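Structure record follows, encoded as structure tokens.
The values are calculated or read from the model by the stated rules, or taken from the named source; none is laboratory data. Nothing here was measured: the structure is a model prediction, and the numbers come from that model. Backbone-built Cβ (ideal geometry, glycine too); neighbour counts: all protein chains shown. Note: accessible area is taken over every heavy atom of the protein model, side chains too, but ligands, DNA and RNA are not part of it. Shrake-Rupley method; radii C 1.70, N 1.55, O 1.52, S 1.80 Å.
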Amino acid sequence: MKLSTFLYCTKQGFNNIRRNILFSLASIATVAACIFLFCLFFSIISNVRNIVEDAETTVGITVFFDENAGEAEKSAIGDAIREKGGIREINYITAEEAWDSFKKDYFGDRSEELAEAFADDNPLATSDSYEVFLNNIEDQQEMVAYIRSLPGVREVKYANALVSALKGINKVVSALSAVIIGVLLAVSVFLISNTISVAAAFRKRENEIMKLIGATNFMIRAPFVVEGVIIGFFGALIPLCGMYFIYVRATNYLLSRVFSMTSGVSAADIFKLLPIGEIFPQMLAVGLILGLGMGFIVSFFTIRKHLKI
């Protein structure tokens with residue numbers, strides 16, 4: 001395509017938008033709302049999935065032994081767990097290591113000073129255990145049931161409620177986002193199609209004259225396709241710019257105000273939000289493709305239908 005042809009089509013596309021400014025603005029606003037919601041749900045789903053995946057590496061199963069269990073029996077329990085399969089990592093935590101970890105978590109920098117009261121008496125003397133991490137967190141229930149059936153196992157602790165809640169949220173958000181985005185896509189297609197149809201009606205006489213003087217079908221139809229692409233571009237650009245700043249502010253707020261008020265594994269180890277530099281490139285690419293693609297496809301087929309030349 002020649003530069004002059006490209007500039008002509010672009011100019012005419014902007015002229016069509018100016019002539020039908022209300023329809024055009026309505027189309028841009030609807031596309032923007034659709035893509036904004038897509039970005040919103042995309043960021044939520046991506047973070048929930050990241051949290052669930054991260055839970056597979058940070059949330060484990062803790063296995064405690066009977067108080068009278070000997071070293072041989074504890075070793076047998078470990079071997080039985082490994083033979084079950086699906087294990088990413090299994091670590092033996094001694095009573096001393098458990099006490100040291102407890103002191104750091106609950107006493108902080110004053111752990112040594114406050115723990116002096118216990119002297120050589122370890123309150124967690126019978127709390128040696130195995131920490132088991134699975135390849136797939138969804139196998140957690142089955143693994144817990146298996147471990148509980150092993151002789152010499154006193155107690156099994158695991159974060160089932162947390163993982164189940166995260167997976168439930170992921171499913172609900174995914175279904176809800178699909179429905180809402182689907183409805184907005186349909187409305188966007190309708191409005192863009194109407195905008196292009198109105199523009200074609202305004203220029204019907206002009207197009208007929210252009211055809212009589214030798215203009216090709218491409219030269220007549222291209223401005224309308226450009227109009228649709230422009231609508232899709234601005235409909236994607238506006239929410240993407242807004243979402244960038246909203247995501248940065250939202251993640252900073254959650255990390256500084258909400259998650260910082262909680263303590264323990266749930267806040268420090270599980271709720272790790274994706275940084276903007278990791279999530280935004282994907283959001284930008286998909287958002288632009290969605291906006292430009294929707295504008296191009298709808299305008300292309302609409303103008304072929306309403307402008308038979």
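Before moving on, here are some points about what is shown:
- In order along segment 144-155, phi translates into HN-Hα couplings of 4, 4, 5, 5, 4, 7, 6, x, x, 8, 8, 7 Hz, rounded to whole numbers, per the Karplus curve 6.51 cos²θ - 1.76 cosθ + 1.60 with θ = phi - 60° and x for Gly and Pro.
- Gain in span if fully extended, PHE14 to ASP79, counting 0.36 nm per residue against the direct Cα distance: 16.2 nm
- Long-range HN-HN contacts of LEU274 with modeled amide H, under 5 Å: none
- Each Lys or Arg adds one and each Asp or Glu takes one away; over the other residues whose Cβ falls under 14 Å from the Cβ of GLU142, this sums to 0.
- Fully extending the segment from ASN50 to MET219 would add 56.0 nm, taking 0.36 nm per residue of separation and subtracting the current Cα-Cα distance.
- Residue separation of ASN68 and ILE246 scaled by 0.36 nm, minus their Cα-Cα distance, works out to 58.4 nm of gained length.
- Ranked order, THR62, THR302 - accessible area, probe 1.4 Å, largest first: THR62, THR302
- Against the criterion of solvent-accessible heavy-atom surface with a 1.4 angstrom probe, ARG49, ARG205 sort, most first, into ARG205, ARG49.
- Calculated SAXS-style log₁₀ I(q)/I(0) at q = 0.17, 0.25 Å⁻¹ - segment 1-46, Debye, Cα scatterers: -0.66, -0.82
- Three-way shape label, segment 1-82, alpha-carbon gyration tensor, a/c 1.5: prolate
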